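These notes are about the structure you will find just below.
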Amino acid sequence: MSAEATDPGAPPRKRSRPRIDLRRLGRVAVLGPVARDRLPDAIGHVAEAHRAHHPDADLSVLHKAYVLAESSHRGQTRKSGEPYITHPLAVTLILAELGAETTTLTASLLHDTVEDTEVTLDQVRERFGDEVAYLVDGVTKLEKVDYGAAAEPETFRKMLVATGNDVRVMSIKLADRLHNMRTLGVMRPEKQARIAKVTRDVLIPLAERLGVQALKTELEDLVFAILHPAEYEGTRALIAAAGGGRDPLAEIAEAVGTTLREAGIGAEVLIRPRHFVSVHRVRGKRGDLRGTDFGRLLVLVGEDADCYAVLGELHTCFTPVVSEFKDFIAAPKFNLYQSLHTAVVGPEGAVAEVLIRTHRMHKVAEAGVVALGNPYAHDGGAPAQAEPADGERADPTRPGWLSRLLTWQESATDPDTFWTTLRDDLAQNREITVFGPDGTTLPLPAGASCVDAAYARYGEAAHGCIGAHVNGRLVTLSTVLNDGDTVRPLLAQDASSGPSPQWLDHARTPAARIAIAGWLETHPDGAPGSPGSGPAGPGRRGRPPEGPAAGHPRGPGRAVGVRVDIPGAPVRLAGCCTPVPPDAITGFAVRGGAVTVHRRECAAVSRMREVSRAAVGARWDDAADRDGAADFRVTLVAESFGRPRLLADLTEAIATADAAIVSATVEPPSEQRVRHTYTVQLPDAARLPGLMRAMRDVPGVYDVSRAQRPAPTG
């Protein structure tokens, strides 16, 4: 670990207790042995903070861990001259104040011993057990990651692998980085800047994903002070100036408290000051700051139902700002955050933002996974929580997002792909939550499309996605989703379908981009029968592929046989009308000496004759027509009135008729009418009339016809 000295210019922090004097702790730490029946004074503050969250905690293991850490680090000093033991003590105190359980604190005290002293991992395991050894080993591996090369693709990959299956490893690392950031002052400016940039680009986004807002906000302010000193000082001056005189937020807080007391709702109303970066962002958004912009009201209650009772009273007794309302209780953020957000207009027209949550929600909002306790311990003998139905792990040491990250890094086609997509994901500073048809939540970055929702819900099965329903309406895959939308991706029945390169233009999440890029790399010619395109790409009309030359199948089974009057000429079926037996057909010679075969009623045939192109006689091979064993492709157009579940019912009708969808497009609704175009594969041309009847029988469909689209004239 780095050994920096305290920076006297560090920004003030919101803390539940005064900053501990680490120099005094350092002196206490080296005073020698202590009585066996009491904790060393040096970790008395850690014990006090730990007991505040865990009154029944057994402190003997902390005593044993401190003794080992102090003795093994004895003689080592930081650059400031302080005994090195002050660093693991400070890191452990940060975690204790956040509510970390005893195992995490034990590993935190020992987190530098294996790397920087003669203590071995086997000795840690022998004295403290496998779990503590696992966490210490994970932090040790993290220390070997070259954070100075964070822009290199492999850096984050190594960090994820080192973190492994337990995010408590990352919690210790974040607390370690916070203490080092607090004590960065004696470093050269260029080194300060380098460490601050890595903190900004990698560790702060991870703190956000772990839900550890207390660490995230302080890290943001420390980075802000180093990388943007002028803006930081300007923000400091604004906050200092706002500290004197009348506080409109306090007046609204008093009015809110009175309102809730009169309604008989037990609640604690607090003013929660914004941290420096938050004030700077609000100023950039609004220009001149209002008196209420320097903080928000925090209302804490006992039960979930009380949150909604508070909301009802506030919206009844004050004028609400409806656009500011968000319900993160019914739909928690992916990082465990729960709260109601609203804004109300105070008695004199001042607008105050209000956060409403239970005390438990507040603890998790501040400390994230750190506050969830030991997942391996049972509460009062109760069994551990089962796996949730939506696939998110109940185990807080391996949340769903970490599982996905580890999956992405394993499946990424190359390090650059992984790093680019992940860095984009980490850079997202706003999220939306969309819902599946069964009510499951899908957290996505702002700007995400139906492509992202499809991969978030179905994984690689989304390769066959052909469209989506959003809020009950049929839309294209390129449709950008809004917070609160309900989305149902629609999948083709043909397992050979795949994404087109255009899908990457609409994908925002690493899951989608890595999966699409991987499929495209392994299918350079696209899906069978659809070179380079697969299903119709988002936001564009797909064009079914041209038919293959006669005698070359496009799918399982024998090819369609066509005889033409030019012996030896390659033959292909026209994509504009996709003829199948027993259609009357004719052919035209095209460039390269091939013959393209059309249905006789195809509009392209009329155009060819208008320009005096000579027709070539063509007929179906009798043997192929008789045995019906070949596979046929045909393009059908369904005209329908828009209604919920229309696309799902149509695709189900096609599948029931034993046809496979090769590609499909859905045009945007026009005057409540929707046009669907499907290229389907049939095992037998004789089944085509039955397929068309089945599609016409779908409620809302008023016509199904063979495709008649323009074809080239040469």
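How far apart, in nm, are two points set 7 Å out from the Cα along the Cα-to-Cβ line at GLU610 and at ARG290?
It works out to 6.4 nm between the two label points.
Please work out the FRET efficiency for the pair ASP130 and THR441, using the Cβ-Cβ distance as r and a Förster radius of 35 Å; give the result to the nearest 0.05.
Calculated value: 0.55.
Over 24 Å between Cα atoms: which of LYS191/LYS333; LYS173/LYS285; LYS79/LYS216; LYS285/LYS326; LYS191/LYS363; LYS141/LYS333 fall into that group?
Going by Cα-Cα distance, LYS191/LYS333; LYS173/LYS285; LYS79/LYS216; LYS191/LYS363; LYS141/LYS333 fall outside the 24 Å limit.
5 Å is the cut-off here: which amide hydrogens, built 1.01 Å from N in the peptide plane, fall below it relative to SER339, excluding neighbours closer than 5 in sequence?
Correct list: PHE328, ILE329.
Using 0.36 nm per residue of separation minus the Cα-Cα distance, give me the extension gain between ASP697 and ALA263 in nm, one decimal.
In short, 150.5 nm is gained.
Amide H of ILE585 versus every other amide H placed in the peptide plane: which residues, excluding those fewer than 5 positions away on the same chain, fall under 5 Å?
ARG600
Please work out the FRET efficiency for the pair VAL322 and THR486, using the Cβ-Cβ distance as r and a Förster radius of 22 Å; give the result to the nearest 0.05.
0.60
Scan region 95-144 for GluC sites (Glu not before Pro) in coil per DSSP, keeping those whose Cβ has at most 10 other Cβ atoms within 10 Å, and list them by number.
Passing sites in region 95-144 are GLU118.
At 0.36 nm per residue, minus the direct Cα-Cα distance, what do ARG272 and HIS359 gain on full extension? Give it in nm, one decimal, please.
Between ARG272 and HIS359, full extension yields an extra 29.9 nm.
Give, in nm to one decimal, the length gained when the segment between ARG563 and ARG246 is fully stretched (0.36 nm per residue of separation minus the Cα-Cα distance).
Length difference between fully extended and current span is 104.8 nm.
Through the Karplus equation 6.51 cos²θ - 1.76 cosθ + 1.60, θ set to phi - 60°, convert the phi angles of region 327-332 into ³J(HN,Hα) values in whole Hz; use x for Gly and Pro.
Here the 3J(HN,Hα) series is 10, 9, 8, 5, 10, x Hz.
Non-local amide H neighbours of GLY642 (under 5 Å, H modeled in plane, Pro and chain starts lacking H): which ones?
ARG673, VAL674
Every number in this text was worked out from the coordinates using simple rules, so none of it is lab data. Being a predicted model, the structure only gives us computed values, none of them experimental. Glycine also receives a Cβ, built like all others from the backbone with ideal geometry; neighbour counts cover every protein chain displayed.
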